[in-house]
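A short worksheet on the structure shown next.
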């Protein structure tokens with residue numbers, strides 16, 4: 001231990017080392033604070049939903065009560081859904097930065113409502129918002145390079161390497177101690193602020209341990225790469241340039257090119273195209289004979305087929321029926337779109353076994369429930385809730401039951417699923 005304390009004193013006398021560690025600490029704390037502030041903002045927005053919903057429904061309730069029309073209630077009532085952030089979301093915001101986490105839906109065609117916000121490719125390999133994942137994946141390797149590029153070459157250029165190798169505790173043992181000390185300091189600078197933030201956020205202990213191990217593994221990769229370059233006995237400047245080039249290639253260029261290749265190999269239409277197709281089907285239904293629309297609807301939903309025939313006047317059950325027909329007309333496109341996104345995501349994750357930067361970011365977003373899988377799971381919860389909404393309103397529309405003020409309280413309520 002005395003040898004490590006001696007090495008620590010020598011290390012802390014180096015201004016570059018102290019500045020690098022201090023700067024990394026500042027960046028880490030800033031990233032964690034930014035992530036926690038964003039998650040707090042999202043939670044506050046979700047917490048404000050009940051009050052806003054009560055005000056909106058209050059206005060609709062007064063209007064509908066005059067006519068007792070369930071169709072008007074279905075048409076004018078917006079029902080909120082939300083995806084609350086997981087405890088670890090502050091560390092890797094992932095798709096929460098580009099995809100909606102609150103969506104108000106009506107009992108009309110759902111697909112156009114979902115894809116108005118469109119779900120983009122997860123872009124696992126590309127830089128995103130300034131958060132802890134960004135600091136770890138994109139910036140930390142630069143600090144490893146700063147501390148390790150001249151570990152041996154600097155002593156050789158100063159003429160001290162032979163003397164250090166000849167010392168009783170010198171040679172390989174000395175370089176191992178110095179490497180371990182630098183690695184430990186970097187790990188502490190990253191891990192200590194993260195552990196504090198995670199404890200405040202209520203992250204599970206097992207998850208914290210996994211992230212701390214992930215930080216260590218990512219640091220070890222870059223330290224090992226620096227040691228490999230150092231064995232070539234080049235100058236410190238050459239070592240730094242080589243490692244910087246490796247960072248550029250492994251963290252930016254190759255992941256970006258791989259992302260382009262994945263997108264080209266798995267072409268996926270944009271969600272906006274599904275929205276347009278669904279809306280065209282809905283708008284075109286106005287020109288389709290109403291009997292044809294209802295026959296198509298009853299064929300897929302025979303439980304409502306015993307409803308009274310349509311009269312000459314407008315009836316909301318016909319209107320909602322062709323909205324559901326519109327959803328079903330794009331069901332194949334929705335499956336294809338989702339399947340393409342999942343294939344892209346799976347390929348990107350497989351790439352993570354080869355490129356540590358991609359793998360680390362993918363694992364962090366998975367643990368934080370901010371990846372594509374989490375976003376699609378939220379969409380599944382929206383679809384399940386929307387089906388309950390439709391069934392609720394259809395019970396009034398297809399049975400010609402009046403819809404009174406008290407019936408608003410019987411409408412289904414969205415329940416978010418807590419992240420594990």
*Mind checking whether some residue in region 223-230 is modelled with pLDDT under 90 and either surrounded by 14 or more Cβ atoms within 10 Å (Cβ to Cβ) or in the same structural domain as residue 190 (by TED's automatic domain parsing) (or both)?*
yes
_With the structure loaded, tell me whether residue 238 is part of a helix (DSSP H, G or I), assigned by TED's automatic domain parsing to the domain that holds residue 139 and at negative phi or whether it fails that test._
yes
*Only one of (1) surrounded by 13 or more Cβ atoms within 10 Å (Cβ to Cβ); (2) more than 18 Å from the chain's Cα centre (by Cα); (3) over 29 Å from residue 277 (Cβ atoms) is not met by residue 330, so which one is it?*
(3)
*Those residues that are at pLDDT 90 or above and surrounded by 24 or more Cβ atoms within 10 Å (Cβ to Cβ), I need them from region 115-134; list them, please.*
131, 132, 133
*Which of (1) closer than 28 Å to residue 347 by Cβ; (2) out of contact with any helix residue (DSSP H, G or I) (no Cβ under 6 Å at 6 or more places or on another chain) does residue 221 not meet, given it meets every other one?*
(2)
*How many of the residues in region 24-51 are loosely packed, with under 15 Cβ neighbours inside 10 Å and more than 26 Å from residue 83 (Cα to Cα)?*
1
_I'd like the residue in region 52-93 that is under 26 Å from the mean Cα position of the chain (by Cα) and closer than 19 Å to residue 110 by Cβ and, out of all such residues, is surrounded by the fewest Cβ atoms within 10 Å (Cβ to Cβ)._
78
*Could you tell me whether residue 302 is within 16 Å of residue 400 (Cβ to Cβ), surrounded by fewer than 18 Cβ atoms within 10 Å (Cβ to Cβ) and in the same structural domain as residue 387 (by TED's automatic domain parsing)?*
no
*Select, from 233, 296, 290, the only residue that is in contact (Cβ under 8 Å) with a residue 24 or more places away in the chain, surrounded by fewer than 19 Cβ atoms within 10 Å (Cβ to Cβ) and at positive phi.*
233
*Within region 97-111, work out how many residues are in contact with a helix residue (DSSP H, G or I) (Cβ under 7 Å, 6 or more places away or on another chain) and at pLDDT below 90.*
1
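The values are calculated or read from the model by the stated rules, or taken from the named source; none is laboratory data. Since we're looking at a predicted model, the values are computed, not measured. So basically every Cβ, Gly included, is an ideal-geometry build from the backbone, and we count neighbours across all protein chains shown.
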